[in-house]
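First the structure, in the form of structure tokens, and then the observations on it.
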Amino acid sequence: MRVWLGLACALLATVWLSGAGQAAPERAEQRLIVLGIDGMDPELLQQFMDEGILPKLSRLAAQGSFIPLDTSIPPQSPVAWSNVITGMDPGGHGIFDFIGFDRKAMLPYLSIARVEKPERDPIKLGQWRIPLGSEKTIQLRDGQAFWDILERNGVPTTMFRIPANYPPVETGGRALSGMGTPDLRGTPGTFSYYTNDSAFDDGSVPGGVVRRIFIRNHTMRSELEGPPNGFREKSPRTKAKFSVHIDPENPVAEVRIGAERVLLNVGEWSDWVRVEFDLVPGLVSVRGICRFYLKELAPRFRLYVSPVNIDPEDPAQQIATPPEYARELFEAVGPFYTQEMPEDTKALSAHVLSPSEFLTQSGLVLDERRRLFQHELKRFREDQRRGLFFFYISSVDQRSHMLYRQMDPDHPFHEADTPEDLATAVRHSYVEMDEIVGWALEALDEQTTLLVMSDHGFAPFRRQANLNTWLEQNGYLTLKNPRRRAEYEWLQGIDWSRTRAFAIGLNSLYLNVRGRERNGIVAPTQRAPLAREIADKLLTWRDPENGQPVVTQPALREEVYHGAHVKEAPDILVGYARGYRASWATTSGKIPVGLLEDNDREWSGDHCMDSRTVPGVLLSSRPLKVTRADLKDLPVSILADFGIERPPQMRGRSVF
């Protein structure tokens, strides 16, 4: 009964590539634990180790090795993790940016996966429809996952939430999907906020939905939105009614939704609450889970509801391989976040959650990850076979994004009187990782190796660069009507007959090539010279406030990429100087007036810059033979550790 959701996955068919080698008998008992700590920065890690607050990580480094791990170009998570998964650069796997770009439609798309409609149209019966097929979610990353090679060579694997693996690759091992996994609505994560606060209008905000409410007789009634209803004409969103009953004498209220009853004090988070959304009343429904947070009852009513997550006990779509693995985890540790990046950065950016409330919510996520890690580590230790156990943690990355300015006195919106828990939040996240690394160290024996790695490091995000505006001012981009520039987004309003270059996404710059882009004007023979001209000129861009360079690594695709997808890549990968990043306007294809502006958002740390300034980390319980490594070295090294030769498509080397 998954047809009705319109969210069902089609598992990406993997092709066995020749040359993957054979497992060597002498490695038959080898076991490997890999902790993927997104965003762990080598400079901060070294600083905190020197301060003596990371004893377990210090022990790991002293016992084996601690080296920088060069990240991807550009250093974006879906790109970086695709390098790890395939051992190829973006020219091989085809993921270049969070935001991809369709050159014929001249429209952006999310780069990890796409949804394909059913081949057959539904049968229509008045306002109802009978679907004759499911929408299919297709993973867009090319290349063979390294754990598929391990499984084909008889090495058992557990891959817990490795990013850029949605839908999960079909292998013989266990895997739970991570980055790219939607919430039940089919979005990256949409929170709901119910309030009578006049500061908020009814409607949508980035990453969320705001509902203005009224309270009558101490009761608030509203609806929680769910997934589209594929059984109804135009697929309207399903809704679940709920109410909040307020105690007139005490700061407490009861949430009633379906059969669930949740009593909350002001400032309290609920446990997970099951929510049913009817598709065909009395016949078909879909279930999700969410958390409620009661911010305030008076004088303003303020209630936050998390994105409705896919329920791991009964997933509405496949988020795991084998499919029953998600339920196994639920039975072991209870319900947990299944959406891609569960820390609600969007609610903080929208000022629905305060920084302290965000820190609490991210702590709930980490508490779940601890329980899940302990469960899977115990299972790995009890399994006497050789094998690989990979576990991903997002806490350092998400807290660094949202709370970096609290520890950066040079950030334009740094607050000197920041509360201690916020000022030390990033630092404390490393201490929490140290505890988890300690648990992994306890599992080591002569046959077991531990690797701790990150996909990239971190840097302050102080200044925003309006790349399209720079292209306009340098004669490469022309607007139809510059007076209406504030109305334009997603590259609308550009005069393509007079535009040679444009930007969209975090690091991507495209040329408007004739025969490639829909309205291209640049001759194919002039593409490479024009790319070089723009790249060289970008290196001269200076910030008038301080004289610092804005761009330090404008990489031409043919100089940094290899493989079948090079010609699909952006023409230039723009690596910004430390402290600078593409503006929020640039990511959505806007063309503001000014070239540079302060970053005034909560999102104050980033890594989508010059890749040389944000390497990740690699720590090993065994000494490594190199002093610096690359993300593409990891899959080659993992295969080599199990005696499997490097497949010809992989570009890395073994660090062992």
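If I filter the stretch 129-160 down to residues being among the basic types (Lys, Arg) and surrounded by fewer than 24 Cβ atoms within 10 Å (Cβ to Cβ), which single residue comes out as farthest from Lys117 (Cα to Cα)?
Of the stretch 129-160, the ones among the basic types (Lys, Arg) are 129, 136, 141, 152.
When the remaining residues are screened for being surrounded by fewer than 24 Cβ atoms within 10 Å (Cβ to Cβ), the result is 129, 136, 152.
On the way: Arg129: 15, Lys136: 7, Arg152: 32 Å.
Only one residue fits best here, namely Arg152.
Looking at the stretch 167-232, what strands (runs of 3 or more DSSP E) fall wholly within it and have at least 1 residues that are surrounded by fewer than 17 Cβ atoms within 10 Å (Cβ to Cβ)? Outline the logic, then answer.
Details: elements: 174-176, 191-195, 203-205, 208-212, 219-228.
Those strands (runs of 3 or more DSSP E) span 203-205, 208-212, 219-228.
Return the residues of the stretch 238-275 that are surrounded by fewer than 16 Cβ atoms within 10 Å (Cβ to Cβ) and either closer than 30 Å to Asp121 by Cα or without any contact (Cβ under 8 Å) to a residue 12 or more places away in the chain (or both); say none if nothing qualifies.
The answer is Lys239, Glu249, Asn250, Glu254, Ala259, Arg261, Leu263.
Criterion first (at pLDDT 95 or above and either out of contact with any Phe, Trp or Tyr (no Cβ under 9 Å at 6 or more places or on another chain) or assigned by TED's automatic domain parsing to the domain that holds Phe98 (or both)) does Ser637 satisfy it?
yes
Mind telling me which of the residues Glu442, Glu446 ends up being modelled with pLDDT under 95 and out of contact with any helix residue (DSSP H, G or I) (no Cβ under 7 Å at 6 or more places or on another chain)? Explain how you work it out, then say what you get.
Working: Glu442 fails: modelled with pLDDT under 95.
Exactly one residue qualifies, and that residue is Glu446.
Just to be sure before I move on: is Val426 hydrophobic (A, V, I, L, M, F, W, C) and under 20 Å from Gly579 (Cα atoms) in the structure I sent? Please lay out each step first, then the result.
Working: hydrophobic (A, V, I, L, M, F, W, C): yes; under 20 Å from Gly579 (Cα atoms): yes.
Considered against the rule, which asks whether it is hydrophobic (A, V, I, L, M, F, W, C) and under 20 Å from Gly579 (Cα atoms), Val426 comes out as yes.
State all residues of the stretch 322-361 that are among the basic types (Lys, Arg) and either surrounded by fewer than 18 Cβ atoms within 10 Å (Cβ to Cβ) or free of Cβ contacts under 8 Å to residues at least 24 places away in the same chain (or both); if no residue qualifies, say none. Reasoning before the result, please.
First, pick out the residues of the stretch 322-361 that are among the basic types (Lys, Arg): 327, 346.
Correct list: Arg327 only.
Between Thr137, Thr158, which is assigned to a strand (DSSP E or B) and in the same structural domain as Val79 (by TED's automatic domain parsing)? Walk me through how you get there before you give the answer.
Numbers: Thr137 fails: in the same structural domain as Val79 (by TED's automatic domain parsing).
Only one candidate passes the filter, namely Thr158.
Residue-wise test of (1) outside the structural domain of Asp102 (by TED's automatic domain parsing); (2) under 18 Å from Gly475 (Cα atoms); (3) surrounded by fewer than 22 Cβ atoms within 10 Å (Cβ to Cβ); (4) at pLDDT below 95.
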residue: Ala501; (1), (2), (3), (4): yes, yes, no, no
residue: Ile521; (1), (2), (3), (4): yes, yes, yes, no
residue: Arg527; (1), (2), (3), (4): yes, yes, yes, no
residue: Leu556; (1), (2), (3), (4): yes, no, yes, no
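Of all the residues that make up the stretch 485-531, how many are assigned to a strand (DSSP E or B) and over 28 Å from Ser72 (Cα atoms)? Let's see the steps before the verdict.
Going through the stretch 485-531, the residues assigned to a strand (DSSP E or B) turn out to be 494, 501-503, 508-511, 513-514, 517, 522.
From what's left, over 28 Å from Ser72 (Cα atoms): 494, 514, 522.
Total meeting the criteria: 3.
For the condition of a type in the set (D, E, K, R) and closer than 14 Å to Leu634 by Cβ, what is the one hit in Asp148, Asp102, Asp97, Asp70? Even if it seems obvious, please write down each step before you answer.
Numbers: Asp148 fails: closer than 14 Å to Leu634 by Cβ; Asp102 fails: closer than 14 Å to Leu634 by Cβ; Asp97 fails: closer than 14 Å to Leu634 by Cβ.
From the options Asp148, Asp102, Asp97, Asp70, the qualifying one is Asp70.
Out of Ala585, Ala564, I need the residue that is out of contact with any Gly (no Cβ under 8 Å at 6 or more places or on another chain) and outside the structural domain of Asp408 (by TED's automatic domain parsing). Which one?
On the way: Ala564 fails: out of contact with any Gly (no Cβ under 8 Å at 6 or more places or on another chain).
When all the criteria are applied, what remains is Ala585.
For the structure I just gave you, tell me whether Ile73 is out of contact with any Pro (no Cβ under 6 Å at 6 or more places or on another chain), surrounded by 24 or more Cβ atoms within 10 Å (Cβ to Cβ) and among the β-branched types (Val, Ile, Thr). First the steps, then the outcome.
Numbers: out of contact with any Pro (no Cβ under 6 Å at 6 or more places or on another chain): yes; surrounded by 24 or more Cβ atoms within 10 Å (Cβ to Cβ): yes; among the β-branched types (Val, Ile, Thr): yes.
Judged against the criteria, Ile73 is a match.
If you check Leu125, Leu107, Leu132, which single one turns out to be of a type outside the set (S, T, N, Q) and at pLDDT 80 or above?
On the way: Leu125 fails: at pLDDT 80 or above; Leu132 fails: at pLDDT 80 or above.
Selected residue: Leu107, the only one of Leu125, Leu107, Leu132 that is of a type outside the set (S, T, N, Q) and at pLDDT 80 or above.
Within the stretch 551-563, does at least one residue satisfy the condition of being under 23 Å from Arg485 (Cβ atoms) and touching a helix residue (DSSP H, G or I) at 6+ places or on another chain (Cβ under 8 Å)?
Filtering the stretch 551-563 down to residues under 23 Å from Arg485 (Cβ atoms) leaves 551.
If we keep only those that are touching a helix residue (DSSP H, G or I) at 6+ places or on another chain (Cβ under 8 Å) as well, we get 551.
Looking for residues that are under 23 Å from Arg485 (Cβ atoms) and touching a helix residue (DSSP H, G or I) at 6+ places or on another chain (Cβ under 8 Å), one finds at least one in the stretch 551-563, hence yes.
Among the residues in the stretch 455-475, are any surrounded by fewer than 20 Cβ atoms within 10 Å (Cβ to Cβ) and among the charged types (D, E, K, R)? Show your work before the answer.
The first filter runs over the stretch 455-475 and keeps only residues surrounded by fewer than 20 Cβ atoms within 10 Å (Cβ to Cβ), leaving 473-475.
Among the residues that remain, those that are also among the charged types (D, E, K, R) are: none.
No, the stretch 455-475 has no match at all.
The values are calculated or read from the model by the stated rules, or taken from the named source; none is laboratory data. Quantities reported herein were computed from a predicted structural model and do not represent experimental measurements. When we count neighbours, we look across all protein chains shown, and the Cβ atoms used for this are built from the backbone with ideal geometry, even at glycine.
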